[in-house]
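The values are calculated or read from the model by the stated rules, or taken from the named source; none is laboratory data. Source: prediction; values computed, not measured. Positions of Cβ are generated from backbone atoms using ideal geometry, with glycine treated the same way; all protein chains shown enter the neighbour counts.
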Amino acid sequence: MKVEEFNYQLPEELIAQKPLSKRDESRLMVLNPEQQIIEENIFKNLKEYLDPGDMIIMNNSRVIPARLYGAKIPTGTEIELLLLNELSEGRWEVLVRPGRRAKKGVKIKFQDILEAEVVEYTDFGGRIVEFSWDHKKYNFEEVLNQLGEMPLPPYINEKLDDPERYQTVYSKKRGSAAAPTAGLHFTDSLLKELEEYGIILDYITLHVGLGTFRPVKSENIEEHEMHEEYAEISAETAAKIKKVKTQGNKVVAVGTTVTRTLESAAANGELSEYQGWTDIFIYPGYEFKVIDSLITNFHLPKSTLLMLVSALAGKELVLSAYQKAVEKEYRFFSLGDAMLILNRKED
């Protein structure tokens, strides 16, 4: 299958640069793959498509201030680090810019608080670095809060007035280099309304790293390798999901990160507790084991995220919906509008 099959034309002005004043007033495009129908609505009306007893599963990972700006020792050359995965205390997998300046053994200083040494190269063009700082004065979280910046995607050209708008309202576990953006549309009041309606709400964790946004560079998508990201699903959550499915209700994943976590946890055919790294790559032809429906955003052309969505709803229907979204001037990407894919069988 060719990467070019997942391409589409997007006017640059449709890339959302700022969040809406109210999260749940994003537009919602609803796809019904069974009936090949595309509808339009508003996100706050989500429950119109759900039934009591359905389950919504969200990613509670929280974005850390993962972008650091430092200076190479002793030349003072500016070097930027993006933290991806914490391998052990003080040891991180990172992306470095410019990479040619970050050879093995190079040391980088971040003000007078933090220092990093490049100790290894990664298979994906990144680096492994070891940080050193005054442990008696600070823990690493405090150091990041003081030095780091929110790592907004490169297609967002403005800083957010409120960095919390790049966090979900239910974010809890720190560790992501980017937000699980499908969840940005939820508000506390909407979650309460859904719960009162009879929707079961629960959470998994996947710390978003390079795997989520790394571009596909091979011509054939089967040759693409996903980068590992850390994920967790509790035994309690797995048990709830099994019960929901046994009762014939829908499991609704909020975002591709939730989808990949749940499908990884069921890789052996039986959903169970999961704690570890996942590099699952979902594209058309994949048979879903857990999720029935998906809440997601509008993704970049030729991205693994668009391929995952196409696996669930069908490539032709998805690209048709994207064309309609362009024509109707939907807001695209991380801070943009939402899509709901209903993958339930008709009675």
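Here are a few things to note about the model shown:
- Checked across the range 68-78, the condition of being acidic (Asp, Glu) and either under 22 Å from the mean Cα position of the chain (by Cα) or in the same structural domain as residue 313 (by TED's automatic domain parsing) (or both) holds for no residue.
- Per the conditions (1) farther than 30 Å from residue 220 by Cβ; (2) part of a loop (DSSP other than H, G, I, E, B), the sole criterion not satisfied by residue 34 is (1).
- Identity of the residue in the range 117-126, touching a Gly at 6+ places or on another chain (Cβ under 8 Å) and within 14 Å of residue 100 (Cα to Cα), that ends up surrounded by the most Cβ atoms within 10 Å (Cβ to Cβ): 118
- Counting the residues of the range 171-192 that are farther than 13 Å from residue 150 by Cβ and at pLDDT below 95 gives 1.
- For the range 31-58, a residue qualifies if it is buried (at least 20 other Cβ atoms within 10 Å of the Cβ) and either at positive phi or out of contact with any His (no Cβ under 9 Å at 6 or more places or on another chain) (or both), and the qualifying residues are 31, 50, 54, 55, 56, 57, 58.
- When restricted to residues that are surrounded by fewer than 21 Cβ atoms within 10 Å (Cβ to Cβ) and either touching a Cys at 6+ places or on another chain (Cβ under 7 Å) or of a type in the set (D, E, K, R) (or both), the range 190-237 contains 14.
- Subset of the range 90-136 (residues that are hydroxyl-bearing (Ser, Thr, Tyr) and over 26 Å from residue 226 (Cβ atoms)): 132
- Selection within the range 101-128 - within 26 Å of residue 215 (Cβ to Cβ) and basic (Lys, Arg): 101, 103, 104, 127
- When residues in the range 146-189 are screened for being in a helix (DSSP H, G or I) and within 21 Å of the chain's Cα centre (by Cα), 10 of them pass.
- Strands (runs of 3 or more DSSP E) wholly inside the range 75-145 that include at least 1 residues being of a type in the set (S, T, N, Q), in contact (Cβ under 8 Å) with a residue 40 or more places away in the chain and within 23 Å of residue 206 (Cβ to Cβ): 78-88
- Failed item in (1) at pLDDT below 90; (2) touching a Phe, Trp or Tyr at 6+ places or on another chain (Cβ under 9 Å), with residue 147 passing the rest: (1)
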